[in-house]
Amino acid sequence: MTFSVSWHTLLEELDSLPSDAVLLSPVRQNPFRITDTQEHRVSIEYVEKDERRPLQHEQFATLFQRVQDAPDQAFALDRLPPDADPYAAVLSMHPRIEVDEDAGVIRHTEAGTSTQLATTSEDETADIERAEPDLQVYSDVLLVTDTLERHDMSDLAELESNVLVDLYTVLSDVQRSADELRKEVSDVLLGRLHHDQPVSGQFGSVQRTARRQRSLKDDDTVLNALDAAGIDRERVLSVDRGKVDDALDVTELSETDVYEVETTEYVRKADVDEATKETRLQGLKDRLAASDADDDEVQQLQAEIEALEDRIEDLTSFEPGSTYHTSTSTE
């Protein structure tokens, strides 16, 4: 399958798409539309930000060749240069190219596939009902949000102690449940990441790293090795904390005779009223479920959320140089 033939097949597939078809980039999950197809490029426009980009024919040819040359003709998505994932999304519109996000690859397939990347219109995606995730962290975050909304957090010293206790409790729960979910997400990502190959999302990027941990072998092995190397074993012998504690138990020495003691005070969560939390949480869920989408307050909240998301994207997005494309604000 030469790229010249494949390129014209791809252009035909793109021309047949509905004008409101939306593609989703596989790495950064950015929705975009095809605005124009030409012999030497494909122009796209992002749905969630005011940006247009030309995707060049030469870069499609390069990606196509990398797929063809890759083992089993499956090229890893995390090997794409930054911001190059729209090329993979567009190329997957070819009937012999598909993106497998679970496997993290874009591959050539002789069997035609009807499961290309999303081409759902914006109206259709808006009709999809958002499901409440069955995760503890979701409930905990909802309670934190409710607490923050009901109290002025600009001056914590002015808040009543019971409010601070409630806030500390739910924040502690969020930290624990978020760490558990973070560990689960990390385990899945480890199977998809390669060393020195960062993968980007909307809010940031991650990279596989390694940490070395050392533990001494048994005493005899260590001392014999040092003796053989001409190192006096007395140079590596030190006071054993465990043996010192045992000595304190059978002598009249005090702790301060052998330890520098420093006391640090901190707040520790002692108890959680799960029944009250659940009652409050259910009330919040009922209120959200009963909210009228046409209500001015709800619309204002949605507008504030959208504005916040735009600010987050502006703060976290970056446009590094890439051999795959040259960004431009206009065609």
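Taking every Cα-Cα distance in segment 155-213 and sorting them into 5 Å bins from zero, the calculated P(r) comes out as 4, 14, 14, 16, 13, 10, 10, 9, 7, 3 percent. Taking amide H positions as modeled 1.01 Å from N, with prolines and chain starts lacking one, the residues under 5 Å from Arg41 and 5 or more places away or on another chain are His57. Under the shape rule built on the C-alpha gyration tensor, where the axes satisfy a ≥ b ≥ c, segment 166-250 is oblate, since a/c reaches at least 1.5 while a/b does not exceed b/c.
Taking other residues whose beta carbon is less than 15 angstrom from the beta carbon of Gln59, and scoring Lys, Arg as +1 and Asp, Glu as -1, yields 0. Restricting to DSSP loop positions (anything but H, G, I, E, B) with no more than 12 other Cβ atoms inside 10 Å of their own Cβ, which trypsin sites (Lys or Arg not before Pro) remain in segment 190-255? For trypsin sites (Lys or Arg not before Pro) across segment 190-255 that sit outside H, G, I, E and B with at most 12 neighbouring Cβ atoms in 10 Å, the list reads Arg211, Arg212, Arg214, Lys217.
Packing, as the average of other Cβ atoms within 10 Å across residues, places the peptides 66-72, 88-94, 254-260 in the order 88-94, 66-72, 254-260, highest first. The ellipsoid equivalent to the alpha-carbon distribution of segment 1-77 has semi-axes of 22, 16, 11 angstrom, derived from the gyration tensor eigenvalues as √(5λ) and listed largest first.
All of the numbers you see were taken from the coordinates with simple rules; none came from a lab. Here the structure is a predicted model, which means the values were calculated and not measured. Glycine also receives a Cβ, built like all others from the backbone with ideal geometry; neighbour counts cover every protein chain displayed.
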